[in-house]
Each structure stands twice: as C-alpha cells, then as structure tokens.
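Data first, discussion second: the structure below is written as structure tokens.
The values are calculated or read from the model by the stated rules, or taken from the named source; none is laboratory data. Worth saying up front: this structure is predicted, and the values here are computed from it rather than measured. Note that each Cβ is placed from the backbone with ideal geometry, even for glycine, and that neighbours are counted across all protein chains shown. Heavy atoms of the whole protein, side chains included, go into the accessibility calculation; ligands, DNA and RNA do not. Shrake-Rupley method; radii C 1.70, N 1.55, O 1.52, S 1.80 Å.
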Amino acid sequence: MLERPRVVVNVGASVDGKVALTRDALLMQQPSTDLWAAMTPPAADPAPSDILETVRQQYGCNAILEGSGSLVAESEIPDELPPYDGDTAELYEHFLPADITGLPSPPLMWFTIVDSRGRVRWTENHENWAALVLVAQSTPAAYLAYLRREHICYLVVGQDRVDLAQAIAAMGTELGIRCVLSAAGGGLNGALLRAGLIDELYVTLAPALIGGLGTPSIMDGPPLARGESATRLQLLSVNTDTSGSVRLHYAVLED
C-alpha cells in the first residue's frame, strides 16, 4: 500500500488566532490584502517566509491546497453555467488529460481547490502551475462539463462532499504528489485536522489582534466530542523578528 502524501499546513494569523479580518472578507481581495499586510511592520531581520520552498526541498512538495472559500466569498453568486444535456456518467470519472499529467512535477505544481459545489470560475493561467479541482458525486454536472471544456483536471472523491482522506490518497496514486502544502482557511484546515491528515503545522503570528465572534480562526469546523482529546503537537522550531512576528513549527504527534 502506497503511503499517502505528507500534509503540511502553513497559516498566517493574528495573535488571537484569526486568519481573516471578518467572516466574508477574502484576504485575496482589496482592501483586505493591504489591511492584512499592514498588521506586520517591516522588520530589520525578517524570518525566512518561503515555506513552499522549504517543503519543496525537504519533501518534494508539488501541490498547494486551498478551499473554494479562499477564492469565492460565501455571499458571492458565481456566473451561471449552461446546463449539460449529454450523458453525465463520464463526467463523474476523474478528468486527468495526459498532456497535463504527463509533465514533470516539479517544475509543474498543482494548485488544488476543494470545490464540491462548483463555485470557482477559473480565469488565470500561470507558468508551471496547473489547476486541480477536488469534486464529489454531488457536484453539478454543468460544473464538471465546464472544467472539461476549460481543460482543467479534477478528481471525483466523495459522495455528498469531498472526502479529504480519499482526495489526498488519490492525489498520490493518480498524480504522484508526494507532499501537499495547505494554505487554506480555518474551515478546510479544521476538516483536515478532524480527518487526522495533518503531519506538520507552520503558524506565523502577526503582532496584532482582530477579535470578533465567528471570525475564521486557524482551525475551525466541528468541535471536539465530549471527552475527546486534543491533537498533541511537538514544537520543532521558533523564529522571531524585530517586527514582533513569531513563527512556530510543529509536528503532529501520533496517538
């Protein structure tokens, strides 16, 4: 049995553990991008920040993982797609065009999105990056047809929603992905936590407080069951700089 890809979570947060300014303010959009950056003043001795390059060198990481909520706000209504009137059976099989999957990886990197509801519309193309969408049997056929028209790879992993354990395993067996770096928000990171899929965690704390009931945190999602133990961590390193930022690196301890 093949070992599943390693999963490393990399997250930036305020000191109180918030990963966004409000529930519906995407950090990838203005003014949130600038407001978030302003929380950390320039440092004379900034800590090394390229975690992707670190895990590339250490583990051969060749995939980034994000949730659809990082790209599309919950309140946003995506453009309507034309209905699909053909045979839907083939749509619910993995779509992995050989002209993409046959490229050497690295340098090819997979930008992976969990999107069982079919909300993301793909408008950008970057050299040495390929989109990979994780969908489910419940994903609208119109969205899967759209991905095929746009020549975007996808894996069908799960019934009503994306099964993360199945998805991570399929990324390894179908695409040879060795390590996944999650740059997602609290919802997806919390789901990875509950599924027991996180191997390492990098947290970079900005010297700022955000507060706010319901503002996304490092790990959201279902709470622990009564009597259930927290996930224990082993501290691997601590880095600080003159701006007041702190970077913590942990390994997840096995039960």
- Reported to the nearest 10 Å², Glu228 has, with a 1.4 Å probe, an accessible area equal to 90 Å²
- Say R0 is 22 Å: what FRET efficiency, to the nearest 0.05, do Ala165 and His94 get from their beta-carbon distance? 0.85
- Considering only DSSP beta bridges whose two residues both sit in the chain, what percent are antiparallel, to the nearest 5? 35 percent
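Order Met109, Met39, Met219 by their accessible area, 1.4 angstrom probe, all chains in place, largest first. Could the numbers behind the result be given before it?
Working: Met109 0, Met39 25, Met219 60 Å².
Descending order: Met219, Met39, Met109.
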- Per residue Cα convex hull volume in Å³ - calculated over region 1-124: 193 Å³
- Heavy-atom accessible area of Tyr84 with all protein chains present, probe 1.4 Å, nearest 10 Å²? 80 Å²
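Rounded to the nearest 5, what is the percent of antiparallel bridges among the DSSP beta bridges in region 74-212?
Working: 1 of 11 bridges.
Counting only bridges with both partners in region 74-212, antiparallel ones make up about 10 percent.
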- Name the long-range amide H neighbours of Val7: under 5 Å, sequence gap of 5 or more, or other chain; modelled H, no Pro or chain starts. Val180, Asp199, Glu200
- Query: How much of Ser70 can a 1.4 Å solvent probe reach, expressed as accessible area in Å² and rounded to 10?
  - Reply: 30 Å²
- Note on the structure: When the charge dipole of region 1-140 is computed with +1 on Lys and Arg Cβ and -1 on Asp and Glu Cβ about the Cα centre, the Cα farthest towards its positive end, among Pro140, Ala37, Thr88, belongs to Ala37
- From phi via Karplus (6.51, -1.76, 1.60), per-residue ³J(HN,Hα) for region 164-177 in Hz, x at Gly/Pro: 5, 4, 5, 5, 4, 4, 5, 4, x, 6, 7, 10, x, 6
- Size of the dipole of the chain about the Cα centre, Lys and Arg at +1 and Asp and Glu at -1 on the beta carbon, nothing else charged, in debye to 20? 520 debye
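Can you give the charge dipole size of region 5-81 about its Cα centre, rounded to the nearest 20 debye, using +1 on the beta carbon of Lys and Arg and -1 on the beta carbon of Asp and Glu? Don't skip to the end; give the middle numbers.
Details: 4 positive and 11 negative charges, 77 e Å.
Its charge dipole is roughly 360 debye.
Pop out the Kirkwood hydrodynamic radius of region 39-82 from its pairwise C-alpha distances, inverse of mean 1/r, in Å to one decimal.
On the way: mean 1/r = 0.0690 Å⁻¹.
Averaging 1/r across every pair of different Cα atoms and inverting gives 14.5 Å.
From largest to smallest, what semi-axes in whole angstrom does region 115-214 give when each is the square root of 5 times an eigenvalue of its alpha carbon gyration tensor?
Details: eigenvalues 134, 59, 52 Å².
Three semi-axes, in Å: 26, 17, 16.
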